[in-house]
Amino acid sequence: MFPFCFEWEWNPDHLLFLGLLYVALTIISSGLTYALVKTWLDLPEMEESHDVPEEILYRSRYAGY
Amino acid sequence: MDSALFPEGVKRCSPKVFLLWTLPWLCLLAWGGLSAFLCLYKGLNQTNMNDYFAFAVWIVFDLAVIALGAGAFFTGFLTYIIGKKELKDILNAAVIIGFICYSGAIAMLGIDIGQPIRGWFIFWHVNVHSMLAEVSFCITCYLGVLAIEYLPLILENRQLDKVKELRLFGHNLHGIMAVFAATGTFLSFFHQGSLGGMYGVMYARPFAFREGFYIWPWTFFLFILSAIAAGPAFTILCTKLAEKITRKKLVPEKAFQTLAKISGWLLALYMVLKITDTVNWIYGVVPRAGLAFMDFYREGPYGVWLVVAEIGIFGIIPAIILLVPKARQHEGWLITGCLLNCTGIVINRFVFTVVSLAVPVMPFDKFVSYLPTWQEWGIAFAVIGYGFLLFSLSYRYLPVFPRERELNPLSE
């Protein structure tokens with residue numbers, strides 16, 4: 001539900017409930033967008049150097065373990 | 001035939017053996033598929049649900065798998081936020097189990113609502129005061145988070161890993177996984193709680209009604225606590241089962257012990273609060289409703305034995321097993337403790353769903369019993385089949401257990 005829907009009410013209940021939902025959705029979509037954009041930006045650099053991405057602490061590069 | 005897809009340096013069974021292993025799970029899925037078709041085509045008259053039992057076996061299964069799937073968010077929280085690094089060896093398994101549980105639960109709810117085509121109504125025409133609306137929002141969003149957490153593991157498949165774009169994308173997702181883990185923790189805390197809150201606010205049903213703090217009844221907090229106590233135990237159970245079936249050591253003992261210890265402490269705390277809540281209910285809510293404790297257990301098969309089973313056998317005993325280091329270090333006792341812990345939470349969700357509805361609330365009401373139809377069982381068991389199938393496929397083709405190669409060196 002968006003604020004322009006007829007059922008929307010400008011009261012704390014709607015703001016809190018749907019506000020938190022949109023915060024969560026924004027974080028998730030921002031995270032995904034960040035990963036996609038970073039991949040797009042890093043790709044030419046990776047092709048030039050033929051480097052393997054650096055190790056990350058958790059769950060990384062199991063196939064090359 | 002498919003060995004090029006296996007993770008590097010590990011051994012898997014032949015395709016023929018694997019196909020045989022998947023057959024029973026495919027049969028369960030086929031049974032579920034037929035049941036789902038009948039429910040969607042002919043309607044919910046295919047079930048034994050009625051005006052008394054609007055919540056039935058599907059909701060019991062839903063609540064149980066959502067609680068058991070809590071191992072995913074809680075293990076992620078412990079690994080990424082608290083920094084329990086030894087849990088990274090079991091985190092992938094926890095994420096897959098969580099994904100199976102949540103996607104299975106949502107699929108089952110899709111049938112349960114009768115008209116899935118109107119499923120989006122709950123999001124668009126939302127009642128912001130409804131606990132169930134909060135649950136719907138959070139489990140849907142959290143399934144998205146779980147899919148994102150699962151994705152980098154899929155991209156580490158040996159063949160997909162060769163595609164550098166995918167490899168880099170997976171790597172970048174790994175880099176910000178803590179953000180997703182924190183979001184998942186936030187979403188999970190609220191939906192696990194709201195599932196309990198949903199029962200606690202039913203003031204017309206003294207069997208389920210509880211007082212609480214501000215807008216949240218005590219069941220809100222008890223459901224969160226019971227889920228984070230049982231979720232890790234279920235992750236241990238599934239991983240131990242995978243070890244038994246594959247006859248391999250897949251996860252170092254330290255990861256099991258850390259999870260079991262945390263699960264034990266949380267279960268002990270839950271038991272203390274659950275007993276306090278039950279005593280408070282017996283001497284507070286029940287007499288104020290003009291009833292006595294035994295009034296709820298006079299008719300039908302749901303006797304006082306359920307309370308003894310839930311709190312004593314499947315609560316206090318597993319808490320003791322998981323808390324005593326010597327007991328949990330013994331594999332048999334560890335599995336027993338986890339099994340009792342998980343059974344306890346299933347009983348808890350069953351009691352709140354089915355017994356709450358079965359117990360009469362008005363003087364002219366009578367005890368109403370309910371047994372699921374084969375279609376209801378079919379859909380519920382399909383989730384189990386789907387779980388085994390997805391976990392088996394993930395184990396076969398993805399590097400689910402990062403220490404597998406080290407713990408099971410291949411002889412040349």
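The values are calculated or read from the model by the stated rules, or taken from the named source; none is laboratory data. Given the structure is predicted, the values throughout are model-derived calculations rather than measurements. All Cβ positions, glycine included, derive from the backbone under ideal geometry; neighbour counts span all protein chains shown. Accessible surface is based on the protein model in full, side chains and every heavy atom, while ligands, DNA and RNA are left aside. Shrake-Rupley method; radii C 1.70, N 1.55, O 1.52, S 1.80 Å.
Some points to look at:
- Aspartates and glutamates with Cα under 19 Å of B:Lys85, excluding same-chain neighbours fewer than 8 positions away: A:Glu54, A:Glu55, B:Glu149, B:Glu253, B:Glu404, B:Glu406
- Within segment B:228-268, trypsin sites (Lys or Arg not before Pro) in DSSP loop having at most 16 other beta-carbon neighbours inside 10 Å: B:Arg247, B:Lys248, B:Lys249
- Annotation: extensible slack from B:Phe121 through B:Gln257 equals 44.5 nm (criterion: 0.36 nm per residue apart, minus Cα-Cα distance).
- Unsatisfied cross-links (Cα-Cα over 26 Å) in the set B:Lys162/B:Lys254; B:Lys84/B:Lys249; B:Lys84/B:Lys326; B:Lys240/B:Lys261; A:Lys38/B:Lys84; B:Lys164/B:Lys249: B:Lys162/B:Lys254; A:Lys38/B:Lys84; B:Lys164/B:Lys249
- One decimal place: the segment B:Trp305-B:Ala4 gains 103.0 nm when fully extended, by the rule 0.36 nm per residue minus the C-alpha distance.
- Placing a pseudo-label 7 Å from each Cα along the Cα-to-Cβ vector at B:Leu291 and B:Glu406 gives an inter-label distance of 5.5 nm.
- If you run the Gaussian network model on chain B, springs between alpha carbon atoms under 10 Å, then out of B:Ile154, B:Ile100, B:Ile215 the most flexible one is B:Ile215.
- Assuming charge only on the beta carbon of Lys and Arg (+1) and of Asp and Glu (-1), the dipole of segment B:1-77 about its Cα centre is about 260 debye to the nearest 20.
- Cα gyration tensor shape for segment B:268-412, rounded if a/c is under 1.5, else prolate or oblate: oblate
- When nucleic acids and ligands are ignored and a 1.4 Å probe is applied, A:Thr33 ends up with an accessible area of around 70 Å².
- Where B:Glu404, B:Glu211 fall by accessible area, highest first, once all protein chains stay in place (1.4 Å): B:Glu211, B:Glu404
- Taking the charge dipole of segment B:46-395 about its Cα centre, with +1 at Lys and Arg Cβ atoms and -1 at Asp and Glu Cβ atoms, the residue from B:Thr278, B:Ile113, B:Ile321 reaching farthest to the positive side is B:Ile321.
- Rounded to the nearest 20 debye, the dipole size of the protein assembly as shown about its Cα centre is 1240 debye, using +1 on the Cβ of Lys and Arg and -1 on the Cβ of Asp and Glu.
- Relative contact order of chain B, defined on C-alpha pairs under 8 angstrom at six or more residues apart (%): 30 percent
- Gaussian network model of chain B, springs between alpha carbon atoms under 10 Å - residue of B:Pro116, B:Pro206, B:Pro217 with greatest fluctuation: B:Pro116
- Net charge over other residues, Cβ less than 9 angstrom from the Cβ of B:Asn172 (K, R count +1; D, E count -1): 0
- Label zone at A:Trp8 (point 7 Å along Cα-to-Cβ), backbone N below 12 Å, segment B:123-143: none
- Threshold 50 Å², segment B:101-141 residues less accessible with all protein chains present than alone (1.4 Å probe): B:Trp124, B:Val128, B:Phe137, B:Cys141
- Cα-based helix-to-principal-axis angle, B:164-175 vs chain B, degrees rounded to 10: 50 degrees
- Taking Lys and Arg as +1 and Asp and Glu as -1, the other residues whose beta-carbon sits under 15 Å from that of B:Cys101 total -1.
- Apportionment of accessible area to carbon and sulfur, segment B:46-395, percent (1.4 Å): 71 percent
- Degrees, to the nearest 10: B:131-155 long Cα axis against longest axis of chain B: 10 degrees
- Calculated FRET efficiency for the pair B:Arg205/B:Ser14, C-beta based, R₀ 56 Å, to 0.05: 0.55
- Check: chain B dipole with +1 on Lys, Arg Cβ and -1 on Asp, Glu Cβ, in debye: 800 debye
- GNM flexibility winner over chain B from B:Ala327, B:Ala204, B:Ala72 (Cα, springs under 10 Å): B:Ala204
- Solvent-accessible area buried by B and A, counting both chains, probe 1.4 angstrom, square angstrom: 4100 Å²
- Summarising the label geometry, the points placed 7 Å from Cα in the beta-carbon direction at A:Ser30 and B:Leu371 lie 5.5 nm from one another.
- For the residues of A:22-31, the average number of beta carbons from a partner chain within 10 Å of their own beta carbon is 5.
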